[in-house]
Amino acid sequence: MLPQWAANDGEIAAGAAAGAAADAPLDDGALLDAYSGAIIGALERVAPAVTFIEVTGRVRGAGRNRRAEQGSGSGFLFTPDGYLLTNSHVVDGSEEIAVRLNDDTRFHADLVGNDPDSDLAVLRIGHPSALPYVEFGDSSRLKVGQVAIAIGNPLGYSKSVTTGVVSALGRTLRATSGRLMHDVIQTDAALNPGNSGGPLVDSKGRVIGVNTAMIPQAQAICFATGINTAKWVIGQMFAHGRVRRAYIGVSGATVPIATRVVRHFSLSGNTAVHVADIVPGSPAAQAGVQSGDRMVALDGVRINGIDELQRKLDGSLIGRECELQLLRRSSVMKVTIRPIEMPAHRSGGK
């Protein structure tokens, strides 16, 4: 029989061992299983709504050299009645669009709206029954470092999945139209040709972005349009069939302002938009804007450069009288301008 003190020590040791086991961190296998489970769960929720998009473009060439341009990309259904989202550059210039669903059935798709300035497009397919669709997340609530999952059809390999994290938020990216896209998500979830238009999702399977671009010369630097931007674009397309933006009819560039001029006129910035050309009959021409003027403010908002001017010219200014502040030679002057809706053939203009 053990002495009482020895028995107590044994009980204490056993209890300590049990407590240590309970407090011990999960081993690598358990952690990997938890991570894998989150990825698999997200994939199971989203993958049925991810589509493969095949595009046939205009016929080029003549005789034996005649051929129809072809391309492909990804997309995803966001309503049960067949509306889906993809990239503008996937479908831009298309003559025919076909969508292949997760079960390999193929449907003709109609283009509901196309917005090169945000690199987003909405399609619709006719389907006799309700379709699986994704749940939208909230890209304004993203945190750098959280899990990001890209799903698509890279290089024609359908239903491919890559994982990574949100690397940065609030990036800007130049669209093919020349306009700057704002609030872009940077991720290291690998993208390849064919991933364009596919969803970027969080660990809960909620779509947080639309995969749009990669930097070929870099490793693991990829971009997605935030889903909150996509929600706004979808609303515009459903309401108007397009995204409405204001237009004043100038072309120009960002230029510096001399420090003495900034101080003399108490300007809040040291750059402005130099007006190079004015479209005849445009709102700018009617307002009396001249080549060589420097635009410093519009509707009470300081304009430090061409990208800020583009961002300011949204649908809220269409048809509304606004005050435009100009630097003309050695004086500051104000004119009244009434922006119009941007003509479709001038996408990306000012």
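The values are calculated or read from the model by the stated rules, or taken from the named source; none is laboratory data. On a predicted model such as this, the values are computed, not experimentally measured, just so you know. Using ideal geometry, Cβ is built from the backbone for each residue, glycine included, and neighbour counts are taken over all protein chains shown. What goes into the accessible areas is simple: the full protein's heavy atoms, side chains included, and nothing from ligands, DNA or RNA. Shrake-Rupley method; radii C 1.70, N 1.55, O 1.52, S 1.80 Å.
Give the ranking of Tyr247, Tyr35, Tyr157, Tyr133 by solvent-accessible surface, highest area first, calculated with a 1.4 Å probe. Mind showing how you got there, number by number?
Working: Tyr247 15, Tyr35 95, Tyr157 155, Tyr133 120 Å².
Putting Tyr247, Tyr35, Tyr157, Tyr133 in descending order of accessible area: Tyr157, Tyr133, Tyr35, Tyr247.
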- request: Please work out the Cα center distance from segment 272-350 to segment 96-150, rounded to the nearest Å.
  value: 35
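What net charge is computed for the residues neighbouring Leu200, neighbours being all others with C-beta under 12 Å from the C-beta of Leu200, Lys and Arg scored +1, Asp and Glu -1?
Taking every Cβ under 12 Å from that of Leu200, the sum is -1.
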statement: Heavy-atom accessible area of Phe136, protein chains in place, probe 1.4 angstrom, given in Å² to nearest 10, is 60
- prompt: So how exposed is Asp110, as accessible area in Å² (1.4 Å probe, rounded to 10)?
  reply: 90
Amide H contacts of Gly194 (H built 1.01 Å from N, under 5 Å, at least 5 apart or other chain): Leu155
- line: Evaluated at 10 °C and 1.306 mPa s, the Stokes-Einstein D of segment 159-294 based on the Kirkwood radius over Cα pairs, in µm²/s, stands at 87
query: Where the accessible area of segment 188-284 is counted over protein heavy atoms with a 1.4 Å probe, how much of it, in %, is carbon and sulfur?
result: 52
